[in-house]
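> Okay, handing you the structure first.
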């Protein structure tokens, strides 16, 4: 505190604002910072831009020149998108992905909130042990579950069905969801629950009218993260959705298209862009909730 | 027959899954609570938590706990799980062609977390110093919304290779041959060792946003007085970073490292789509997929999964340890 004693002269005040060595190398230091930041921005954005531009070029152009040439000799077409949407059945794949991701997201959020509420608001023997079990399951590699579940899924008829994917993705993420929401609910002041309790509210009533409304922001964070995981998941539908009559979910479809050369590159690029458009729009429009979720949870297997 | 129609009707699936099932869950809670009111107070009090935790715990038991234990057992049995084979599957996992696969995963385990951490630190610290930080952060977060599958397709095109002299249509080779005079284009995905690094770079591109977010939040929380004091003492900007900033954000650094280690362990999508493990790029998770589906060898697949689990255990311990420390404070 002694360092921050009131200082009168303007020069010293100035020195506090801009430390000496920065003042000395002000110009070159500033430039270095801008260069580094711009390099980051460009290299992280260019691949997405390249995808969009390439998907709007003709097959011949894509095969003979780089995507940046489209800015020099502009020739754009939506033909690739027409091919992808009409011929390649991408609409079917997108709807299958929705049929997986939307219920998975809602169910994960609901069940995690219920579990987190029980873990924070109720006292019972084994609560601490249960919390530890959930934390230790946070980073489980999904691979450890595949061999036995493949057999279980075949035995009970869940394999090749969309609800089978819900069950997997919800069960796999619920420990993370409980962990994320638990931290939020435990920060709700006790008095809010107590006053509701004095008014004679049942546990279910308190859950509905105190815990849920106050937890909405963190539930939104969990929902957007789970939607992204579910929409972007390849391994689980690849393994458990085989034999379904529905079109492949978009990730499985993309992986299949990428591995066979016979499909035109234009269709592949258009399909890829369609598959990333949904999560990109979500993250851009709900960035606040996404960021909060990342910072609140930090880890998931 | 009706069942078949249901599971192929997308709008119906969404309505049932996103509206019907949540209502059913709530109804179960309601009915359970009603039954609890019929019981004497203490009973109701001790049963209530288990009513609430019932569905989450059943799912966790079905999807995580039971399969985990079962896989550990299967790892000691023959391909069709009929006979006990002792350590054979594990010996197979560390010999012959598996040596290269494990080696590739070790490369991922070292290079991916280190590169991601260093770049994320750089981004977090430098973004903090510019006015357009929000734009920079948004752009660096964008790839984290993209699936690893789509990322793999995007980068297959970025890495596209034409022989020297021909027009380079891949961005990476075009930049390389333009910026560096006399540089030859590189077949990124075909050259041994280089191709592993090229795949890791894709994972870095896809993951850097999350790591930067976590570190950036920590950097902004470093006490301004500490930085000021160090600068007034004449410490250079690098010195301030290493002795003040880095020290204060160590917990966040640990979170990033452990997250990326787990991601490196179980990396699958990128390798499966871009090379399918050919040209010495195979990794454990892709190998496991092949053992499970192509070879139908449950013993090998399980042993590989158990190795992944054991490799993840240190991170599990760190998480548990930190959780207990936080709970006690």
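> So what does log10 I(q)/I(0) come out to for the stretch A:128-182 at q = 0.13, 0.17, 0.24 Å⁻¹, using the Debye formula with one equal point on every Cα and no solvent?
-0.39, -0.62, -0.96
> Quantify how strongly other chains surround peptide A:89-101 by giving the mean number of their Cβ atoms within 10 Å of each of its Cβ atoms. Spell out each step's value before the answer.
On the way: counts 0, 0, 0, 1, 0, 0, 4, 3, 1, 5, 11, 4, 2.
That average works out to 2.
> Also, quick follow-up: By count of other Cβ within 10 Å, fewest leading, how are A:179, B:126, A:71 ordered? Can you show the working numbers first?
On the way: A:179 26, B:126 19, A:71 8.
Ranking A:179, B:126, A:71 by Cβ neighbours within 10 Å, fewest first, gives A:71, B:126, A:179.
> To the nearest Å, what is the center-to-center distance of the stretch B:17-87 and the stretch A:226-277, using C-alpha atoms only?
Going from one Cα centre to the other spans 31 Å.
> Here's a follow-up. Rounded, prolate or oblate: pick one for chain B, where a ≥ b ≥ c are the square roots of the eigenvalues of its C-alpha gyration tensor, a/c under 1.5 means rounded, and failing that, prolate if a/b is larger than b/c, else oblate.
On the way: a/c = 1.76, a/b = 1.22, b/c = 1.44.
Taking the square roots of the gyration eigenvalues as a ≥ b ≥ c, chain B is oblate.
> Is there a simple number for the mean count of other chain Cβ atoms within 10 Å of the Cβ of residues in A:128-140, and what is it? Can you show the working numbers first?
Working: counts 2, 0, 3, 4, 5, 5, 5, 8, 6, 7, 6, 14, 11.
Average per residue, whole number: 6.
> Return a whole-number percent for the relative contact order of the stretch A:90-297, with Cα pairs under 8 Å and 6 or more residues apart as the contact set.
On the way: 188 pairs, mean separation 75.2, N = 208.
The value is 36 percent.
> From the square roots a ≥ b ≥ c of the eigenvalues of the alpha-carbon gyration tensor of the stretch A:167-301, which class results: rounded (a/c under 1.5), prolate (a/b over b/c), or oblate? Mind showing how you got there, number by number?
Values: a/c = 3.41, a/b = 2.47, b/c = 1.38.
In terms of gyration-tensor shape, prolate.
> Which whole-number percent gives the relative contact order of chain B, counting Cα pairs below 8 Å spaced six or more residues apart? Please list the in-between numbers first.
Values: 319 pairs, mean separation 80.1, N = 329.
Once normalised by length, the contact order is 24 percent.
> So, one more: By its C-alpha gyration tensor, with a ≥ b ≥ c as the square roots of the eigenvalues, how is the protein assembly as shown shaped: rounded for a/c under 1.5, else prolate for a/b larger than b/c, else oblate? Can you show the working numbers first?
Working: a/c = 1.60, a/b = 1.09, b/c = 1.47.
Oblate, since a/c reaches 1.5 and b/c is not below a/b.
> Here's another thing I want to ask about it. Once you average over the residues of A:105-111, how many Cβ atoms of partner chains fall within 10 Å of each Cβ?
Details: counts 2, 6, 7, 2, 1, 8, 9.
Per-residue shielding by partner chains comes out at 5.
Read-outs: derived from the displayed coordinates by stated rules, not from any lab. Since we're looking at a predicted model, the values are computed, not measured. In this analysis, Cβ positions are derived from the backbone assuming ideal geometry, glycine residues included, and neighbour counts consider all displayed protein chains.
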